[in-house]
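The values are calculated or read from the model by the stated rules, or taken from the named source; none is laboratory data. The structure displayed is predicted, hence computed values, not measured ones. Note that each Cβ is placed from the backbone with ideal geometry, even for glycine, and that neighbours are counted across all protein chains shown. Note: areas computed on protein heavy atoms with side chains; ligands, DNA, RNA excluded. Shrake-Rupley method; radii C 1.70, N 1.55, O 1.52, S 1.80 Å.
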Amino acid sequence: LNEPWCSSFLSHTAGLHAPGHFSAQEGMLASHHLLLAHGQTITELRRRDPSLQLGVTLNFTVAEPADPDDPLDADAARRLDGQHNRWFLDPVFNRRYPSDILADFRAVEPAATAAFEIAVRPGDLDLIGAPIDVLGVNFYHGDLVSGHPQEQVPPSGHAPVNRPGHSPFPAGQDIHTVERGLPRTSMNWEVQPDRLTRLLERIWSEYAGPTATVLCVTENGAAHDDALAIEDGEARVHDPERVRFLEQHLSAVLEAIAHGVDVRGYFCWSLLDNFEWAWGYTKRFGLIRVDYDTQCRILKDSAHAYRRIITTRSTH
């Protein structure tokens, strides 16, 4: 699976992706059945060929309280981390859903939580917790949050959405995004390479390391409004923001490796400009520009930079 949070809560609870529903219960049930399908598939594939390297890819945030000493801010960060990260990490690695988040769900969505608990049958969590060899880590940005209302920050595709009924988090009440003034991509996501280092270290120390599960950064990248230029009769795309993004985030991965995290790979999202979920063709993540009318492909400056980085294993 890739990003089951997106195909459960972002799709069935926030309505931002297909099927576009606004149901806390559907999001909970979809998340469980996606994880159950993952566990059943891992078990069957391992039965057929024990030599296979198997895993799952989850998308993560780094949830931080605006004021760690403020109980409301700290609780907002706990609930965001629990619903975005631990809701999937805990069953995969520890064969349980986080009890604090279940209690949060029960407090605000009692009927939905009861339906979810009935749907979790005996043996399900043992299947979901079937050992994996690799955990894919998708990371684009973190979230600084508060339990106090803030000036409205335009919502991004994955950040908390504060409009009632449109949050991807069933227990998302009073989780407010705090503006940090950092550079942003065209997805309105903050650029935070140091949070990737922190995320990898946290996942390694709390989940992957104790089970000897290696990590791969399976998605990391930036969308920008790239401009096509003709220079000396040749088409070029200068994307200095994406070049800096790659250099900074690959440096962050190397820093995590230097700190003892077993990271085996990095995959940039994306090689080509592509159809990007509900945003269609309006967001360009590619290292290579695609002219959608002619299918002509042009290596952006970031493609040349990426080739240099992976050839020399240096971001300088």
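Checking a compactness column here: for region 180-249, what do you get for Rg(Cα) / (2.2 N^0.38 Å), N being the number of residues? Present the calculation step by step, with values, prior to reporting the outcome.
Numbers: Rg = 16.8 Å, N = 70, 2.2 N^0.38 = 11.1 Å.
After normalising by residue count via 2.2 N^0.38 Å, the value is 1.52.
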* Asked: Accessible surface of Asp225 in the full protein assembly, 1.4 angstrom probe, to the nearest 10 Å²?
  -> 130 Å²
* Mind putting a number on the dipole of region 243-306 about its Cα centre? Charges go on the C-beta only, +1 for Lys and Arg and -1 for Asp and Glu, and I need it in Debye to the nearest 20. => 60 debye
* Which percent of the accessible area of the chain is formed by carbon and sulfur heavy atoms (probe 1.4 angstrom)? -> 55 percent
* To do: Give me the net charge of Cys216's neighbourhood, meaning all other residues with Cβ under 12 Å from the Cβ of Cys216; Lys, Arg count +1, Asp, Glu -1.
  => -2
* ³J(HN,Hα) computed for each position of region 213-227 - Karplus, 6.51 cos²θ - 1.76 cosθ + 1.60, integer Hz, glycine/proline x -> 9, 6, 10, 9, 7, 8, 8, 6, x, 9, 9, 9, 7, 5, 10
* Acute angle (nearest 10 degrees) that the helix 71-81 long axis makes with the longest principal axis of the chain, alpha-carbon atoms -> 80 degrees
* Going by alpha carbons, how many degrees (0 to 90, nearest 10) lie between the helix axis of 24-48 and the longest principal axis of the chain? -> 80 degrees
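Whenever you get a sec, line up Trp87, Trp269 from highest to lowest accessible area (probe 1.4 Å, protein heavy atoms). Numbers along the way, then the final one.
Details: Trp87 0, Trp269 75 Å².
These residues rank, largest area first, as Trp269, Trp87.
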* **Principal axes of region 1-154: Cα extent on each, largest first, Å** => 54, 32, 30
* **Whole-angstrom Cα spans of region 1-85 along principal axes, big to small** => 52, 29, 16
* **Kirkwood Rh, angstrom, region 164-316 [1 / mean 1/r, Cα pairs]** => 17.4 Å
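Run lengths n ≥ 4 of DSSP H only: what is the helix-derived mean residue ellipticity at 222 nm for the chain, with -39500 (n - 2.57) per run over all residues, to the nearest 500? Walk me through the intermediate numbers first.
On the way: 9 runs with 111 residues, N = 316.
So the calculated ellipticity at 222 nm is -11000 deg cm²/dmol.
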* Asked: Which value, in Å³ per residue, describes the convex hull spanned by the Cα atoms of region 237-316?
  -> 106 Å³
